[in-house]
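The values are calculated or read from the model by the stated rules, or taken from the named source; none is laboratory data. In this text, all values refer to a predicted model and were calculated from it rather than measured experimentally. Cβ placement follows ideal geometry from the backbone for every residue including glycine, while neighbour counts extend to all protein chains displayed.
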Amino acid sequence: MRKNVISKLMNLPIVPGRGLNLKSAINSRQDFLKNQGLSIEHIMNSNLDLSEIQNNIESYVGGVELPLGLVGPIGFKDGLKNEMVYTLVGTLEGALVASMNRGAKAIALSGGFSANVAWQKMVRAPLFLFDKEEEALCFESFVLSEKMAIAALVKKYSNHAELIGLEAFVRSTDVHLKLVYTTGDASGQNMTTTCTWHAMMYLVDAFKKKFNLSPHDFVIEGNGAADKKISQYNITNGRGINVTASCFLPEEVVEKVLRTSSMSMSRFYKPSKSLANEEGMVGYNINVANAIAGIFTSTGQDLACIHESATGFLELESVNGGLNVSLTLPNLVVGTIGGGTHLSKPSEVLKIMGCLGSGSDERFAKLIAGFALGLELSTYAAIVSGEFAKAHEKLGRNKPVKWLLKSELTSEFLSKFSTNSDPKIGLSFNVFEHDTVENGILTTIASRISKKLIGFVAIECTKRDTSGNQFKEKFLLKSKPLDQEIIKGLHLIASSINIELADLIKESASDMEYSGSHIKDIKLYQYLTKVKYPFIPGFHGSYVNTKREIYLFMQEYLEPSSLVIFNSENTPEIWGDKEISRVLKALFLFHQMTEDAVISGILEFDASESILLYQKLLSITLAESHNISDIDVLKGIAENMRNWSSIASGIRLKKCIVHNDFNPRNIAIRTNGQPVMYDLELAVIDFPTRDLVEFLSFVLPINFKKETLLKYLGYYCAEATELSSQSDWNKAICYSLETYIATRLTFYEVAGVVVKYEFSNRILNVAIRMLKILRNEQ
């Protein structure tokens, strides 16, 4: 039987250069895997410096990248200093960095956290086996008498390790030792292993000389140290750094940032902790492991120590005026030297935290505890407020969908729907990287809840003319998220702001302009191309597969070098009179050409259908936003919402298809002065004034003059051949301003609780000023 086993082992494949990290050995291993039919094409593409990792890895073949997210600033009270500190977190778990940032913000606004380190220890627990119990008891007594000698011996083998404790435990004929060290700025597993081995050799030799007795066997670790495992003994007595971070959060911060109350958080804490104790949970925390794992990953720590290091004890108490919180990490095994901390990227992260090199291990532990406390606060608040459940609600699918993958964007696939596929001209497509075209806000929001390919992809087409000459042309491919994915993304953002708002968004989904957004772009581009509207990018075909949720189209790639104005939502000063007037003329033509168009999926928008939603948005805007030029205008809009339906029905102005997202993020100016508009996904049927007021709110300066506004309104109206009365135009403009402010600008302002848009407050104040001026004109 044994010969058969050995014979099988002899047939195992021989991996070349096993353990060696020479370039030749690495290449041989990579070739070996390829010959085994195992592809490591992407794994091989690594930027790791081989000289840096020689002692950190064996049999190297490549690397895996993890994205790093910025967390902070968090307030850290270190003695008399109160500093703002950042860290980077490595993770693939969506929303983790956002949650850590919310907790860090709450702590920073509360004046920061303070922290205390009780001790730093590293333990090794060798095991000695004897034949008789008397021998074991004799060895126990001898070991304890040799503590001073062992401590001196340790100093010979390490500049950092210092023996501070020695214990012995006899179990029948077995003797377990615990050697307890401090290890400076290193976590200390390796140095204490070396020191302990030499201590064992000394003890065995000295014991034999004195008593003529020896253990019949021994090992350096009998698992008494619970290395990389959770141990109640270590929690009580110490292994790693024992650190506690504490903070007081004023009630205002709890309500404004964490979106709950100290009473609500305290109410659930005690019964939750009681059950955790009853069921044997070691410690009590919400998700400390997420913060520990993220910071360990980015700073080159031993990832196997996450398990024991993430043991945490969260304490929470509602007091007069706010919330007292603390988090104790009793077994945080970390170091600022050794391990992977010397690698270039972990070194940069440690430097950002002010923790690079000697003398910073305690600071590092304190900061980890503080950032972990922030995550505890944010996650627990989300659970208590209902945000956690709302943010994880599923839209529900009956069966999985085979989503479009980037790898499918082959020449064969793209040429099937591209209108450029002239059979006389051979062509091929390839994806190329670009950094000039960013996905829009809605696509970015949808990306948070979907893993499918959505957004822009730059495509380069190689063509060959009839003479055989090759030439290249660039296109932009856009893959649309479903409207329900956009709604779910909005719901996710809203759930971290106000639970009632999240519910209202879900209830109002079918009445909002996002309904049908995945098909509107395609349908409208097809129509505008057919009627030869000149102010859109060239449209080059579309592909729809409803079963696979694919809504894809190809358009002209707008080269930045061919544009004089592009992505200018934050720079109104670059819009001159000439550019504004040209856009208004192009806008009028757009409205004129869509006035009688019937395009499936583009429906009339009635803001009065979702008044409760828009009232909620206005109320949050009033409570959360700062620097609003005239709050009374917003209050007046809230009161006037009930009249929107009757106001709209009394305006004798014909409706048409409006862009409904008509701002300088979706409008460019070519070098020849011609405007070009795009991103038509929010198009609805409404008064043409809706696009007019949005565009002007972006391009007018904050202190614009009344005459300037009236001049630009005149540019648009002058293009009309059959105008309704001036009174109807003024009513329509005021109505459009009210609905624009309430339905769109409040979205921007409220979203600012989570992600701030630079233009948001400016365009809100411009729109308010426009409304005040025009009301005086009526």
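The set of residues from segment 264-285 being in contact (Cβ under 8 Å) with a residue 24 or more places away in the chain, out of contact with any strand residue (DSSP E or B) (no Cβ under 8 Å at 6 or more places or on another chain) and among the polar types (S, T, N, Q) comprises just one member, SER264.
Exactly one residue among SER600, SER629, SER619 is part of a helix (DSSP H, G or I) and either modelled with pLDDT under 95 or in the same structural domain as ALA502 (by TED's automatic domain parsing) (or both), and that residue is SER619.
Please indicate, with yes or no, whether at least one residue in segment 224-243 is in contact with a Cys (Cβ under 8 Å, 6 or more places away or on another chain), at pLDDT 95 or above and under 30 Å from THR336 (Cβ atoms).
Start the filter on segment 224-243 by keeping residues that are in contact with a Cys (Cβ under 8 Å, 6 or more places away or on another chain), which leaves 228, 240.
Now narrow it down to the ones that are at pLDDT 95 or above: none.
Checked segment 224-243: no residue is in contact with a Cys (Cβ under 8 Å, 6 or more places away or on another chain), at pLDDT 95 or above and under 30 Å from THR336 (Cβ atoms).
Looking at GLU604, GLU595, which is the one that is in contact with a strand residue (DSSP E or B) (Cβ under 6 Å, 6 or more places away or on another chain) and within 27 Å of ILE768 (Cα to Cα)? When all the criteria are applied, what remains is GLU604. Filtering segment 332-380 to residues that are among the polar types (S, T, N, Q) and surrounded by fewer than 24 Cβ atoms within 10 Å (Cβ to Cβ) leaves THR341, SER344, SER347, SER358, SER360. The single residue among PHE605, PHE590 that is of a type outside the set (Asp, Glu), buried (at least 19 other Cβ atoms within 10 Å of the Cβ), over 36 Å from the mean Cα position of the chain (by Cα) and outside the structural domain of SER415 (by TED's automatic domain parsing) turns out to be PHE590.
Condition (residue is of a type in the set (Gly, Ala, Ser) and farther than 22 Å from LEU258 by Cβ) applied to segment 345-353: is it met by at least one residue?
Checking segment 345-353: at least one residue is of a type in the set (Gly, Ala, Ser) and farther than 22 Å from LEU258 by Cβ.
Regarding segment 69-79, can at least one residue be identified that is aromatic (Phe, Trp, Tyr), in contact with a Phe, Trp or Tyr (Cβ under 9 Å, 6 or more places away or on another chain) and not in a loop (DSSP other than H, G, I, E, B)? Looking for residues that are aromatic (Phe, Trp, Tyr), in contact with a Phe, Trp or Tyr (Cβ under 9 Å, 6 or more places away or on another chain) and not in a loop (DSSP other than H, G, I, E, B), one finds at least one in segment 69-79, hence yes.
Criterion first (buried (at least 22 other Cβ atoms within 10 Å of the Cβ), in contact with a helix residue (DSSP H, G or I) (Cβ under 7 Å, 6 or more places away or on another chain) and either hydroxyl-bearing (Ser, Thr, Tyr) or closer than 21 Å to TYR86 by Cβ (or both)) does SER264 satisfy it? Give the steps one after another, and end with the answer.
Numbers: buried (at least 22 other Cβ atoms within 10 Å of the Cβ): no; in contact with a helix residue (DSSP H, G or I) (Cβ under 7 Å, 6 or more places away or on another chain): yes; either hydroxyl-bearing (Ser, Thr, Tyr) or closer than 21 Å to TYR86 by Cβ (or both): yes.
No, not satisfied.
Listed by first and then second residue, the pairs with beta-carbon distance under 8 Å, at least 6 apart or on different chains, first residue in segment 124-151 and free of Cβ contacts under 8 Å to residues at least 60 places away in the same chain and part of a helix (DSSP H, G or I), second acidic (Asp, Glu) and surrounded by 13 or more Cβ atoms within 10 Å (Cβ to Cβ), are ALA136/ASP174; ALA151/GLU162. Checked against (1) surrounded by 23 or more Cβ atoms within 10 Å (Cβ to Cβ); (2) over 27 Å from the mean Cα position of the chain (by Cα), ASP465 passes all but a single condition, namely (1). Has segment 161-168 got at least one residue that is farther than 18 Å from PHE211 by Cα and among the charged types (D, E, K, R)? Yes, segment 161-168 has at least one match. Residues in segment 745-778 that are under 30 Å from ALA104 (Cβ atoms), modelled with pLDDT of 85 or more and among the basic types (Lys, Arg): ARG762 alone.
Here's the yes/no breakdown for (1) out of contact with any Lys or Arg (no Cβ under 9 Å at 6 or more places or on another chain); (2) under 24 Å from ILE602 (Cα atoms):
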{"site": "SER629", "(1), (2)": "no, no"}
{"site": "ALA638", "(1), (2)": "yes, no"}
{"site": "MET641", "(1), (2)": "yes, yes"}
{"site": "TRP644", "(1), (2)": "yes, yes"}
{"site": "ILE647", "(1), (2)": "no, yes"}
{"site": "GLY650", "(1), (2)": "no, yes"}
{"site": "CYS656", "(1), (2)": "yes, yes"}
{"site": "HIS659", "(1), (2)": "no, yes"}
{"site": "ASN663", "(1), (2)": "yes, yes"}
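Counting only helices (runs of 4 or more DSSP H) wholly contained in segment 219-316, the ones carrying 3 or more residues that are hydrophobic (A, V, I, L, M, F, W, C) occupy 262-278, 288-299. Assess whether GLN674 counts as being in contact with a helix residue (DSSP H, G or I) (Cβ under 9 Å, 6 or more places away or on another chain), surrounded by fewer than 16 Cβ atoms within 10 Å (Cβ to Cβ), of a type outside the set (D, E, K, R) and more than 29 Å from TYR557 (Cα to Cα). Against the criterion (in contact with a helix residue (DSSP H, G or I) (Cβ under 9 Å, 6 or more places away or on another chain), surrounded by fewer than 16 Cβ atoms within 10 Å (Cβ to Cβ), of a type outside the set (D, E, K, R) and more than 29 Å from TYR557 (Cα to Cα)), GLN674 does not qualify.
Would you confirm, using the coordinates I've provided, whether ALA106 is under 47 Å from the mean Cα position of the chain (by Cα), in a helix (DSSP H, G or I) and within 30 Å of LEU327 (Cα to Cα)?
Judged against the criteria, ALA106 is a match.
For the residues VAL319, VAL349, VAL334, the requirement of being over 24 Å from MET122 (Cβ atoms) and in the same structural domain as SER274 (by TED's automatic domain parsing) singles out VAL319. Do we find a residue being under 22 Å from LEU504 (Cα atoms), small (Gly, Ala, Ser) and surrounded by 22 or more Cβ atoms within 10 Å (Cβ to Cβ) anywhere in segment 738-746? Yes: segment 738-746 contains one or more residues that are under 22 Å from LEU504 (Cα atoms), small (Gly, Ala, Ser) and surrounded by 22 or more Cβ atoms within 10 Å (Cβ to Cβ).
Against the criterion of being outside any loop (DSSP other than H, G, I, E, B) and either farther than 30 Å from ASN101 by Cα or without any contact (Cβ under 8 Å) to a residue 24 or more places away in the chain (or both), LEU696 qualifies. Within segment 736-778, the only residue that satisfies the criterion of being acidic (Asp, Glu), over 30 Å from LYS654 (Cβ atoms) and part of a helix (DSSP H, G or I) is GLU749. Of TYR157, TYR202, all but one fail to be modelled with pLDDT of 95 or more and surrounded by fewer than 20 Cβ atoms within 10 Å (Cβ to Cβ); the exception is TYR202.
For (1) at pLDDT below 80; (2) assigned by TED's automatic domain parsing to the domain that holds THR529; (3) loosely packed, with under 15 Cβ neighbours inside 10 Å; (4) in a helix (DSSP H, G or I), each residue gets a yes or a no:
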| residue | (1), (2), (3), (4) |
| --- | --- |
| LYS394 | yes, yes, yes, no |
| ASN398 | yes, yes, yes, no |
| VAL401 | yes, yes, yes, no |
| LEU404 | no, yes, no, no |
| SER407 | no, yes, yes, yes |
| GLU412 | no, yes, yes, yes |
| LYS416 | yes, yes, yes, yes |
| THR419 | yes, yes, yes, no |
| LYS424 | yes, yes, yes, no |
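So that you can scan it fast, the table gives a plain yes or no per residue for (1) closer than 23 Å to PHE139 by Cβ; (2) free of Cβ contacts under 8 Å to residues at least 40 places away in the same chain; (3) more than 33 Å from the chain's Cα centre (by Cα):
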position	(1), (2), (3)
MET200	yes, no, yes
PHE211	yes, no, yes
PRO215	yes, no, yes
ASN234	no, no, yes
VAL243	no, no, no
PHE248	no, no, no
VAL253	no, no, no
SER262	no, no, no
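Does LEU50 satisfy being aliphatic (A, V, I, L, M), modelled with pLDDT under 90, out of contact with any Asp or Glu (no Cβ under 6 Å at 6 or more places or on another chain) and loosely packed, with under 12 Cβ neighbours inside 10 Å? In short, no.
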